[in-house]
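A short reminder: the numbers here are calculations on the coordinates, not readings from a lab. This structure is a prediction, so every number in the text was calculated from the model and none was measured. In this analysis, Cβ positions are derived from the backbone assuming ideal geometry, glycine residues included, and neighbour counts consider all displayed protein chains.
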């Protein structure tokens with residue numbers, strides 16, 4: 001079982017993670033087996049270290 005479905009708008013068919021097809025002629029009868037039926041959200045929060053003198057970003061780390 002996978003946590004997030006890798007498919008977007010029912011493509012590719014069959015699903016590469018669980019094998020579900022849109023027509024339902026598979027071993028899981030077309031029902032997605034992912035825990036969450038959507039893609040994992042992208043990280044949108046970053047911690048950035050800025051240089052005070054010139055204002056450039058010195059380092060950037062995504063927050064989980």
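So which residue, out of 26, 13, 51, gets the largest mean-square fluctuation from a GNM of the chain using Cα contacts under 10 Å as springs? Top of the fluctuation ranking is 51.
Computed from label points 7 Å out along Cα-Cβ, the spacing between residue 11 and residue 59 is 4.2 nm.
Can you list the equivalent-ellipsoid semi-axes of the chain, largest first and in whole Å, using the square root of 5 times each Cα gyration tensor eigenvalue? Numbers along the way, then the final one.
Values: eigenvalues 346, 20, 9 Å².
In descending order, the three semi-axes are 42, 10, 7 Å.
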